[in-house]
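Read through the structure below, which is laid out as structure tokens, and then see the notes.
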Amino acid sequence: MYQAIQVGLNVVSAIAGIVMIIVASIIYLISLVLSERESNIESVFKRHIKENQRRQFPRVTWETIFQYISENEVSSDREMMMRYFWNKTIGYDGKGRLQKAFSNSC
């Protein structure tokens, strides 16, 4: 997965938190979630697909992507991506307070 981020991703589709990415003829169906959510998604979803060397289903967290970018990415887009993670919101809570989309690690 990390090598795919370095060389660029071919995102084919994204539905309900599942992202399909094709890298070097390998299909990754990725569950992209917050670290505290859907911790058992791999075991649940893997019952519905047949994994092999060319078809895999990993759970990846937004926080892992943020950590990778902040520690390894050396491109002109790095600062833009960092700002996205720092400023992303998901709306308001029941008390009218704006909620950050990602945990404090981002």
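The values are calculated or read from the model by the stated rules, or taken from the named source; none is laboratory data. Quick caveat: nothing in here was measured; it's all calculated off a predicted structure. Glycine gets a Cβ as well: all are built from the backbone with ideal geometry, and neighbour counts include every protein chain shown.
Does the stretch 52-92 hold any residues that are among the β-branched types (Val, Ile, Thr), touching a strand residue (DSSP E or B) at 6+ places or on another chain (Cβ under 8 Å) and surrounded by fewer than 13 Cβ atoms within 10 Å (Cβ to Cβ), and which are they?
If the condition is that a residue be among the β-branched types (Val, Ile, Thr), touching a strand residue (DSSP E or B) at 6+ places or on another chain (Cβ under 8 Å) and surrounded by fewer than 13 Cβ atoms within 10 Å (Cβ to Cβ), then Thr89, Ile90 are the ones that fit.
Can you name every residue in the stretch 50-82 that is aromatic (Phe, Trp, Tyr), within 24 Å of Ile27 (Cβ to Cβ) and part of a helix (DSSP H, G or I)?
From the stretch 50-82, those aromatic (Phe, Trp, Tyr) are 57, 62, 66, 68; that's our starting set.
With within 24 Å of Ile27 (Cβ to Cβ) added as a condition, the list becomes 57, 62, 68.
Matches in the stretch 50-82: Trp62, Tyr68.
Within the set of pairs 6 or more residues apart or between chains, which connect a residue that is closer than 18 Å to Val33 by Cβ inside the stretch 67-92 to a residue that is of a type in the set (Phe, Trp, Tyr) and not in a helix (DSSP H, G or I) with Cβ atoms less than 7 Å apart?
Phe85/Phe102; Lys88/Phe102
Restricted to the stretch 1-49, and to residues that are at pLDDT 65 or above and assigned to a helix (DSSP H, G or I), which residue is nearest to Ala101 (Cα to Cα)?
Per the criteria, the residue is Ile41.
Of all the residues that make up the stretch 45-63, how many are farther than 19 Å from Val23 by Cα and under 18 Å from the mean Cα position of the chain (by Cα)? Can you show your working first?
First, pick out the residues of the stretch 45-63 that are farther than 19 Å from Val23 by Cα: 45-48, 62-63.
Adding the requirement that they be under 18 Å from the mean Cα position of the chain (by Cα) leaves 45-46, 62-63.
Here the count works out to 4.
If I ask for residues that are in contact with a Leu (Cβ under 8 Å, 6 or more places away or on another chain) and not small (Gly, Ala, Ser), which ones from the stretch 82-104 would you list?
Thr89, Tyr92, Phe102
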